[in-house]
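Encoded as structure tokens, the structure appears first; notes follow it.
The values are calculated or read from the model by the stated rules, or taken from the named source; none is laboratory data. Because the structure is a prediction, the values reported are computed rather than measured. When we count neighbours, we look across all protein chains shown, and the Cβ atoms used for this are built from the backbone with ideal geometry, even at glycine. Side chains are part of the model used for accessible areas, which takes the heavy atoms of the whole protein and leaves out ligands, DNA and RNA. Shrake-Rupley method; radii C 1.70, N 1.55, O 1.52, S 1.80 Å.
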Amino acid sequence: MMIDERKELVKRLSEFGYIKSENVMHAMEKVPREEFLPEENKSYAYVDQPLPIGKGQTISAPHMVAMICERLQLEGDMKVLEIGTGFGYNAAVISEAMGKKGHVYSIERIEYLAKLAEENLKRTGYDENVTVIIGDGTLGYEKEAPYDRIYGTASAPYVPEPLKEQLKVGGRLLVPVGEQAYFQDLICIVKKSETEFKEKSLGGVAFVPMIGKHGWPE
């Protein structure tokens, strides 16, 4: 039943233009969103909306996950940094879209969510290609830098400088940015050189706040 609902959702997202590539379609069809939700919300897994996962956090709507995947322009052997693990769904989709040669490093500041994400990723078979780190995501994760792609699943008042520094030349960074805590612009940055960045707004989005040194105060 859930598989049929998943395929129907992916079909709609393709028709509306959120899914454009084969690898993203495959990932969205394969990753079971219900396995990354609290028990009380599993029945809503394939409704195209964000859902609460506890601690004031949400899992992004499927269309937003698909859009981020497409905008990142993922390839098979990339190293990706995710800011905000949540329950691990977004990281699993990114991992599946890249395949076994890619790796996602995901930072989650809330230990409770990080532990559950690790369990979810292990149960669904994505733990080998996704590493969850507990910490301040606005500082990035310098240990594994530089990254081919970096993206945030929460919004910051400005683009955190450490994320720009940890991006490879030629790499892409996606992060929601805005003065208002629950309405932002999705900013795409391409690193042209160590000191030159090309920035573009991809339109309005709504994400929970990114808490940290280069984000919103807790």
Enumeration of residues in the range 115-137 that are in a helix (DSSP H, G or I) and β-branched (Val, Ile, Thr): Thr124
Filter the range 160-173 for residues that are crowded, with 19+ Cβ neighbours inside 10 Å and in contact with a strand residue (DSSP E or B) (Cβ under 8 Å, 6 or more places away or on another chain); the one that is farthest from Lys101 (Cα to Cα) is Pro160
Pairs please, first residue from the range 206-218 and modelled with pLDDT under 90 and open to solvent by 50 Å² or more (accessible area, probe 1.4 Å), second anywhere and assigned to a loop (DSSP other than H, G, I, E, B) and aliphatic (A, V, I, L, M), Cβ atoms under 9 Å, 6+ apart in sequence or on different chains. none
Test set (1) within 21 Å of Ala45 (Cα to Cα); (2) out of contact with any Lys or Arg (no Cβ under 8 Å at 6 or more places or on another chain); (3) of a type outside the set (Val, Ile, Thr) - Gly99 fails condition number: (1)
Within the range 52-75, the residues that are touching a strand residue (DSSP E or B) at 6+ places or on another chain (Cβ under 7 Å) and either among the basic types (Lys, Arg) or surrounded by fewer than 17 Cβ atoms within 10 Å (Cβ to Cβ) (or both) are Pro52, Arg71, Gln73
Can Val130 be described as free of Cβ contacts under 8 Å to residues at least 40 places away in the same chain and aliphatic (A, V, I, L, M)? no
Scan the range 143-154 and give yes if some residue there is in contact (Cβ under 8 Å) with a residue 40 or more places away in the chain, within 16 Å of the chain's Cα centre (by Cα), assigned to a helix (DSSP H, G or I) and at negative phi, otherwise no. no
Among (1) farther than 21 Å from Cys188 by Cα; (2) surrounded by fewer than 24 Cβ atoms within 10 Å (Cβ to Cβ), where does Phe87 come up short? (2)
For the range 10-20, does any single residue satisfy the condition of being within 15 Å of the chain's Cα centre (by Cα) and surrounded by fewer than 20 Cβ atoms within 10 Å (Cβ to Cβ)? no
Return the residue satisfying two criteria in turn: it lies in the range 105-157 and is of a type in the set (Phe, Trp, Tyr) and more than 24 Å from His63 (Cα to Cα), and of such residues it is least open to solvent (accessible area, probe 1.4 Å). Tyr147
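Conditions (1) hydroxyl-bearing (Ser, Thr, Tyr); (2) at pLDDT below 95; (3) in contact with a helix residue (DSSP H, G or I) (Cβ under 6 Å, 6 or more places away or on another chain); (4) within 19 Å of Thr153 (Cα to Cα), marked per residue:
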residue: Met1; (1), (2), (3), (4): no, yes, no, no
residue: Tyr18; (1), (2), (3), (4): yes, no, yes, yes
residue: Glu22; (1), (2), (3), (4): no, no, no, no
residue: Glu34; (1), (2), (3), (4): no, no, yes, yes
residue: Ile68; (1), (2), (3), (4): no, no, no, yes
residue: Phe87; (1), (2), (3), (4): no, no, yes, yes
Assess whether Phe183 counts as being aromatic (Phe, Trp, Tyr) and either in contact (Cβ under 8 Å) with a residue 60 or more places away in the chain or closer than 13 Å to Gly137 by Cα (or both). no
